[in-house]
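Values quoted throughout were computed directly from the atomic coordinates according to the rules given, and no laboratory measurement underlies them. Here the structure is a predicted model, which means the values were calculated and not measured. Cβ placement follows ideal geometry from the backbone for every residue including glycine, while neighbour counts extend to all protein chains displayed.
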Amino acid sequence: MLNEIARGTRLRNAFNKEIFVFSGPLDDPHVARFGVILETGGSGGGNALVHVHSGADEHFSVRSGRIKVVVDGREQFVDAGGTAIVPRGRPRYFANVGDDNAELEISFSPAQQHLRFFANFAMLTVKQPSWFSSAGDPDFLLIALVLHTYSDHLYLAGVPIWLQKLLFAALAPVARLCGYRMAIEPLREAPARARSGLAA
């Protein structure tokens, strides 16, 4: 199990044609910021799965290429130099709609532990590809384990969050009994800088 990610680490989710580039602190309490390269036809957000981030706002900054951000079913196209913001709790997904790779920076505010969350999923696609369908969809027990472990980071759109919390809490122990494991565990307490900030 990994608890640190070296600066500059690249993790590729081959199913989504999505590369995560980690260039900042893993546990900054204020903002989680990382690069994403979407290859031609690539998508973000769990194989273009419509989802919500209940505890943080998501910011997109496109450096090259063109992406589509879909929020509440409405499409927004963002070209190089453009930005988009998705408020917390709004259903969304995004995809590369250009002819070449799209390079963008994504940030979450507050950070929560989104860097660990995304690195965990990306690493699992490499280390445990059998836990994913040929289309890249994770097994439901794996979803339950990850989303329960990283509670309040991501939920499926269209299903009440309270119901998902109950279901994932019940299924997470079953997932572990079936052999599913995390690649990166979340911190069990606030990062040091967050603790010192709260104490000040």
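For the stretch 43-178, the relative contact order works out to 27 percent when only alpha carbon pairs closer than 8 Å and six or more residues apart are counted.
The helix-only estimate of mean residue ellipticity at 222 nm for the chain, built from DSSP H runs of length n ≥ 4 each weighted as -39500 (n - 2.57), is -7500 deg cm²/dmol after division by the residue total.
Computed over the chain, the range of Cα coordinates on each principal axis works out to 48, 44, 33 Å, biggest value leading.
Applying a DSSP loop filter and a limit of 14 other Cβ atoms within 10 Å to the GluC sites (Glu not before Pro) in the stretch 1-101 leaves Glu4.
Rounded to the nearest 20 debye, the dipole size of the stretch 8-194 about its Cα centre is 340 debye, using +1 on the Cβ of Lys and Arg and -1 on the Cβ of Asp and Glu. The alpha-carbon of Lys127 sits under 25 angstrom from the alpha-carbons of these lysines, leaving out residues fewer than 8 places away in its chain: Lys17.
Between Glu185 and Asp139, the contour length at 0.36 nm per residue exceeds the alpha carbon distance by 14.7 nm.
Label zone of Arg12 (point 7 Å out along Cα→Cβ, amide N under 14 Å): in the stretch 120-137 this covers 123, 125-127. When each of Thr125, Thr40, Thr9 is scored by the number of other beta-carbon atoms lying within 10 Å, the sequence from fewest to most is Thr40, Thr9, Thr125. Shown here: the stretch 45-102, whose C-alpha atoms stretch 31, 20, 18 Å along the first, second and third principal axes, sorted largest to smallest. Couplings 3J(HN,Hα) of the stretch 65-82, computed from phi: x, 9, 10, 10, 10, 10, 10, 6, x, 9, 8, 10, 9, 10, 9, 3, x, x Hz, in residue order, whole Hz [Karplus 6.51 cos²θ - 1.76 cosθ + 1.60, θ = phi - 60°; x for Gly and Pro]. Taking trypsin sites (Lys or Arg not before Pro) across the stretch 1-102, the ones in a DSSP loop with at most 11 further Cβ atoms lying within 10 angstrom of their Cβ are Arg7. Scoring 99-107, 157-165 by mean Cβ neighbours within 10 Å over their residues and listing the highest first yields 99-107, 157-165.
Ordering Ala80, His51, Val146 by Cα displacement along the dipole of the chain toward the positive end leaves Val146 in first place; charges were set at the Cβ atoms of Lys, Arg (+1) and Asp, Glu (-1). A Förster radius of 35 Å, combined with the Cβ-Cβ distance separating Arg176 from Thr40, puts the computed FRET efficiency at roughly 0.40.
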